[in-house]
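*Asks:* Just dropping this structure here.
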Amino acid sequence: MKNSFSKKLSFAALAAVVAITACTKSDHPGYEKADNGLYYKFYKQDEKGVKPKEGDVVKLTLKWKNSKDSTLFDSTNPKYNPSGKTTIEFPLQKSTFKGSFEDALMMMAVGDSASFLINADSVYLATFKAKELPPYIQKGTVLTFETTLLKVTSKDEVEKERQKQIEEQKVMMEARKGEEAKTLAKYLEDNKITTKPTADGLYYIEKTKGKGGHPSKGDQVKVNYILSLIDGKMLETTLPEAAKAGGIFDEKRPYAPAEYGIGQLIPGMDEGLLMMSKGSKVKLIIPSSIGYGEGNQGIPPYTTLVFEVELIDFHAAPANQGPPMPPTPTR
């Protein structure tokens, strides 16, 4: 009876060894094959470590090569990673195919380093959504991915951090909103401006009186202008000499009067232009409520703007042709 039990135990152990061998049999020496078809080789592995899940943010070093051993990407090389960093960080997405790089990352724990062989066709056509394989990828070959997993931030932690940033942004925005009125009042006092604002809050200060009628909504206007923040920082202008004086001159761009359609600009600018006549030169002080509100490219949230505008000419817009959108300040 004892010998019979020992034989059964030995056969069970042998069967387990055979099963493991079958699972890890590989066409690529040095690599094991997972059930999903992924070939892997760990240089360092913490089998008890916490592995990333879909939605977690992973931080890693990564290098991959084609079947001819040509490097296609290397996070540690500025040639391939112009961010100036040696790592990449991104949310781990749902696996794009069986045996994908996403599957590979889900096998790793923080601190692990490994090499993976992944089907090149699937990487480019399924993961990268390419319409066809690039010329440097041979159909039916594998890509070699070398990676070290440095950090995993859980989906819940990412969401908590996002909510924290949203709350901090709200507090900052409210603070800026509260400061705008004080900043505007000080600007008016320092510049001895006694002009009363319009009902919408626009300060219209005429420097040179024009002649003739006023443009109407939808008209095309031709203007020169200087756009500045209320603190005096110049953002944009059509005048080269003003650009040089404001330290924003760009020799690559043309300086010439701009043409816009009234009704397509910020409300404060539209309102000011409708009050002007040909030849007028005015200063428009535009609070954020009739300006860019919570901000725009180059313009902080809740910031009063100062426009110096000259209306050169205006005319009705061509039939069936909407007025062009104004450029967004880039400074």
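We did not get these values from a lab; they are worked out from the coordinates using the rules stated. As the structure is a prediction and not an experimental result, all values here were calculated from the model. So basically every Cβ, Gly included, is an ideal-geometry build from the backbone, and we count neighbours across all protein chains shown.
*Asks:* For each of Leu92, Leu105, count neighbouring Cβ atoms within 10 Å of the residue's Cβ, then give the residues from fewest to most. Don't skip to the answer; put the middle values down first.
*Replies:* On the way: Leu92 18, Leu105 25.
Arranged by neighbour count, lowest to highest, Leu92, Leu105 become Leu92, Leu105.
*Asks:* Further question on the same structure: For segment 67-166, which GluC sites (Glu not before Pro) are both in a DSSP coil and crowded by at most 10 other Cβ atoms within 10 Å?
*Replies:* Details: sites: Glu89, Glu102, Glu132, Glu146, Glu157, Glu159, Glu161; in loops: Glu132.
Passing sites in segment 67-166 are Glu132.
*Asks:* On the first, second and third principal axes, largest extent first, how far apart are the outermost C-alpha atoms of the chain in Å?
*Replies:* 116, 45, 38
*Asks:* What are the chymotrypsin sites (Phe, Trp or Tyr not before Pro) within segment 124-182 that DSSP puts in a loop, where the Cβ has at most 13 other Cβ atoms within 10 Å?
*Replies:* Values: sites: Tyr124, Phe128, Tyr136, Phe145; in loops: Phe128, Tyr136.
When the chymotrypsin sites (Phe, Trp or Tyr not before Pro) of segment 124-182 are filtered for loop state and at most 13 Cβ neighbours within 10 Å, Phe128, Tyr136 remain.
*Asks:* Would you mind computing, in nm to one decimal, how far apart the modelled labels at Phe128 and Glu161 are, each placed 7 Å from Cα along Cα→Cβ?
*Replies:* 2.8 nm
*Asks:* Then there is this: In nm, to one decimal, how far is the Ile88 label point from the Ile205 one, both placed 7 Å along Cα→Cβ?
*Replies:* Placing both labels 7 Å along Cα→Cβ, they lie 5.3 nm apart.
*Asks:* Which of the peptides 45-53, 271-279 is most tightly packed, and how do the rest follow, going by the mean number of other Cβ atoms within 10 Å of each residue? Walk me through the numbers before you get to the answer.
*Replies:* Values: 45-53: 13.3, 271-279: 18.8.
Most protected by this proxy first, the peptides run 271-279, 45-53.
*Asks:* On a C-alpha basis, how far is the centre of segment 177-228 from the centre of segment 48-99 in Å? Whole number, if you could?
*Replies:* Rounded to whole Å, the Cα centres lie 52 Å apart.
*Asks:* Next question. Could you tell me what % of all Cα pairs in segment 178-315 have separations over 17 Å? Mind showing how you got there, number by number?
*Replies:* Numbers: 5661 of 9453 pairs.
Above the 17 Å cut-off, segment 178-315 has 60 percent of its Cα pairs.
*Asks:* Over the chain, what relative contact order in percent results from Cα pairs under 8 Å that are six or more residues apart?
*Replies:* On the way: 618 pairs, mean separation 46.9, N = 331.
Relative contact order, the chain: 14 percent.
*Asks:* Now for a separate question. Please turn the phi angles of segment 76-88 into ³J(HN,Hα) values with the Karplus equation 6.51 cos²θ - 1.76 cosθ + 1.60 (θ = phi - 60°), one per residue in order, whole Hz, x for glycine and proline.
*Replies:* Taking θ as phi minus 60°, the curve returns 8, 10, x, 4, 9, 10, x, 5, x, 9, 10, 10, 10 Hz for segment 76-88.
*Asks:* Continuing with the same structure: Calculate the FRET efficiency for Thr71 and Ser154 from the Cβ-Cβ distance with a Förster distance of 30 Å, rounded to the nearest 0.05.
*Replies:* Details: r = 32 Å, r/R0 = 1.06.
So the FRET efficiency works out to roughly 0.40.
*Asks:* Pairs of Cα atoms under 8 Å, at least six residues apart: use those to get the relative contact order of segment 178-315, whole percent. Don't skip to the answer; put the middle values down first.
*Replies:* Numbers: 278 pairs, mean separation 45.5, N = 138.
Averaging sequence separation for qualifying contacts and normalising by length gives 33 percent for segment 178-315.
*Asks:* In which sequence would Ser95, Ser83 go, from the one with the fewest C-beta neighbours within 10 Å to the one with the most? Please report the intermediate quantities before stating the final value.
*Replies:* On the way: Ser95 18, Ser83 10.
The fewest-first ordering by Cβ neighbours comes to Ser83, Ser95.
*Asks:* Going by how many other beta carbons lie within 10 Å of each one, how would you line up Arg176, Arg162, fewest first?
*Replies:* Numbers: Arg176 17, Arg162 10.
Neighbour counts put them in this order, fewest first: Arg162, Arg176.
*Asks:* While we're here: Could you give me D for segment 160-207, from Stokes-Einstein at 4 °C and 1.567 mPa s, where the hydrodynamic radius is the Kirkwood radius over C-alpha pairs? Units µm² s⁻¹, please. Intermediate values should be presented prior to the final figure.
*Replies:* Values: Rh = 13.2 Å.
It diffuses with D of about 98 µm²/s by this estimate.
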